[in-house]
Amino acid sequence: MAYRILVVEDDAHMREGIQDILETHGYEVWTASDGAEGLQMLEALIPDLILSDITMPTMDGYSFYEAVRRNPHWTLVPFIFLTARGDRADIRQGKRLGVDDYLTKPFETEDLLTAVEARLKRMAEVRAATETEKDELRKAILDALPHELRTPLTYIKGYTSLLLQDTAFMKPEIVHEALEAIHSGSDRISSLVEDFVFLITLDVGEVAATVETARETVDLRIILRTLVSDYQQQAADHQVTIKLDLDSPPPLVEAYPPYIANALGRLLDNAIKFSQREGGQVTIRAWTEGGEVYVAVKDTGIGLPAAEIPKIFERFYQVDRARMEQQGVGLGLPIALGIVEAHGGRIVVESQVGVGSTFTVILPARQPGGEQTAAVPCYGATHA
């Protein structure tokens, strides 16, 4: 199938010349005399590449380009500007807008074909990479989601069927056990749904917007103490102890407390899950250094191979899923990173197999002269 190219040029001779060259070399060519007509053409077809003059009546090349890029269906279509030779202002403006390439008129046939072929090749590479990423994401979801849904649903269905029998002859402890299992299963599904919804809020920029408008001065010691209290029972169930090490002066940041508690809670939850049982320890340390606040969550767990560390913040990725049965679908760390980045921070990971891992959140410290520390409610382990 031939590549389709849209040529937008108000000079009829130039337009027809470009069309002849491209059609001679096997391309399917559509033409328009200005940007407005070009947009009408795009409503009927999505080309593989757009060639557009800059100086045109009705709608010039700049306005046409901006209109094209505003439409999500046309965002990835390569765009080449045609400009008069030596007009550096056109070239600079095109670069500011982000145009893929430009050709100066008059140009040689070989220059036109080379530019077109290069952009089409790059487009094909991007599409192939995108398809590969989609396939990998689809496989990761299919690996994780069915089990994560089936397990709690099995509990809910089984125990509901049990309770639908004549409960008058059931021992109270059996009824209580059934209700606890149903509650646990529903919580697990609810948490999964909340994570998916939170991912959407991250992707559409709502988390960043909330951080920008609702941030306040936060003493992280308050949030960390609350989190440790919230996770004590989970740690005890895993026979893991939690140690809290807080430096003075207090680590102050500008943050939206529920979100930053969410992120730190996910790191603490992760550390407990992967700590060695019977004697494992999770250490949380917070301190201020060089204009930044550090919160390090260290575990004595299984550790991570160096090759795995760059992948662990990918959505739906879990280390050695086939061998290690894990609850969750691999969204905790990506969500934690998204929250931290929305606060202008980053997460650094250090790990050694068989020894443990340290996840360090680094956030900008509150600048001197800011508002006084706000009274922070006890934001606990709620994830979303």
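The values are calculated or read from the model by the stated rules, or taken from the named source; none is laboratory data. All values derive from a computational prediction rather than experimental measurement. Cβ sites come from the backbone with ideal geometry, for glycine too, and all protein chains shown count toward neighbours.
For the residues GLY380, GLY354, GLY338, GLY328, the requirement of being at pLDDT below 50 and either outside the structural domain of ASP195 (by TED's automatic domain parsing) or outside any loop (DSSP other than H, G, I, E, B) (or both) singles out GLY380. When GLU16, GLU23, GLU66, GLU110 are checked against the criterion of being modelled with pLDDT of 90 or more and in contact with a helix residue (DSSP H, G or I) (Cβ under 9 Å, 6 or more places away or on another chain), a single residue qualifies: GLU66.
Just one of (1) part of a strand (DSSP E or B); (2) at pLDDT below 90; (3) not aromatic (Phe, Trp, Tyr) fails for ASP320. It is (1). So, TYR155, is that one farther than 30 Å from GLU292 by Cβ and surrounded by 13 or more Cβ atoms within 10 Å (Cβ to Cβ) or not? It is true that TYR155 is farther than 30 Å from GLU292 by Cβ and surrounded by 13 or more Cβ atoms within 10 Å (Cβ to Cβ).
So, GLU23, is that one of a type in the set (Asp, Glu) and surrounded by fewer than 16 Cβ atoms within 10 Å (Cβ to Cβ) or not? If you could, list the steps in order and put the result at the bottom.
Details: of a type in the set (Asp, Glu): yes; surrounded by fewer than 16 Cβ atoms within 10 Å (Cβ to Cβ): yes.
Here the answer is yes, as GLU23 does meet what is asked.
Taken over segment 85-108, the criterion of being at negative phi and loosely packed, with under 13 Cβ neighbours inside 10 Å is satisfied by ARG85, ARG88, ALA89, ARG92, LYS95, ARG96, PRO106, GLU108.
Can you confirm whether GLN232 is touching a strand residue (DSSP E or B) at 6+ places or on another chain (Cβ under 8 Å), of a type in the set (S, T, N, Q) and without any contact (Cβ under 8 Å) to a residue 12 or more places away in the chain? Working first, answer last.
Numbers: touching a strand residue (DSSP E or B) at 6+ places or on another chain (Cβ under 8 Å): yes; of a type in the set (S, T, N, Q): yes; without any contact (Cβ under 8 Å) to a residue 12 or more places away in the chain: yes.
Yes; evaluated as a whole, the condition is true for this residue.
Please go through segment 54-84 and give me each residue that is under 25 Å from VAL126 (Cα atoms) and charged (D, E, K, R), ordered by number. So that I can check it myself, show each step before the final result.
If we filter segment 54-84 for residues that are under 25 Å from VAL126 (Cα atoms), which is where we start, we get 61-62, 64-82.
Listed by number, the residues that qualify are GLU66, ARG69, ARG70.
Whenever a residue of segment 58-78 is in the same structural domain as GLN93 (by TED's automatic domain parsing), its partners that are charged (D, E, K, R) and loosely packed, with under 13 Cβ neighbours inside 10 Å, lying with C-beta atoms within less than 9 angstrom and at least six residues away or across chains, give the pairs LEU76/ARG127.
Given the residues GLU23, GLU16, GLU43, GLU37, which is the only one that is in contact (Cβ under 8 Å) with a residue 24 or more places away in the chain and assigned to a helix (DSSP H, G or I)? Show your work before the answer.
On the way: GLU23 fails: in contact (Cβ under 8 Å) with a residue 24 or more places away in the chain; GLU16 fails: in contact (Cβ under 8 Å) with a residue 24 or more places away in the chain; GLU43 fails: in contact (Cβ under 8 Å) with a residue 24 or more places away in the chain.
Answer to the selection: GLU37.
Yes or no, residue by residue, for (1) charged (D, E, K, R); (2) within 16 Å of LEU333 (Cβ to Cβ); (3) outside the structural domain of VAL353 (by TED's automatic domain parsing); (4) in a loop (DSSP other than H, G, I, E, B):
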{"site": "VAL193", "(1), (2), (3), (4)": "no, no, yes, no"}
{"site": "ILE223", "(1), (2), (3), (4)": "no, no, no, no"}
{"site": "THR226", "(1), (2), (3), (4)": "no, no, no, no"}
{"site": "VAL253", "(1), (2), (3), (4)": "no, no, no, no"}
{"site": "PRO258", "(1), (2), (3), (4)": "no, no, no, no"}
{"site": "ASP269", "(1), (2), (3), (4)": "yes, yes, no, no"}
{"site": "LYS273", "(1), (2), (3), (4)": "yes, yes, no, no"}
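Of all residues being within 27 Å of the chain's Cα centre (by Cα) and farther than 24 Å from ILE222 by Cβ in segment 272-291, which is surrounded by the most Cβ atoms within 10 Å (Cβ to Cβ)? Just the residue, please. Per the criteria, the residue is SER275. Residues in segment 198-230 that are at pLDDT 90 or above, hydroxyl-bearing (Ser, Thr, Tyr) and within 25 Å of the chain's Cα centre (by Cα): THR210, THR213.
In this structure, does VAL297 turn out to be closer than 25 Å to PHE198 by Cα, modelled with pLDDT of 90 or more and not basic (Lys, Arg)? Give the steps one after another, and end with the answer.
Details: closer than 25 Å to PHE198 by Cα: yes; modelled with pLDDT of 90 or more: yes; not basic (Lys, Arg): yes.
Against the criterion (closer than 25 Å to PHE198 by Cα, modelled with pLDDT of 90 or more and not basic (Lys, Arg)), VAL297 qualifies.
Residues in segment 144-152 include none that are closer than 30 Å to GLU292 by Cα and either in contact (Cβ under 8 Å) with a residue 60 or more places away in the chain or in contact with a Pro (Cβ under 6 Å, 6 or more places away or on another chain) (or both).
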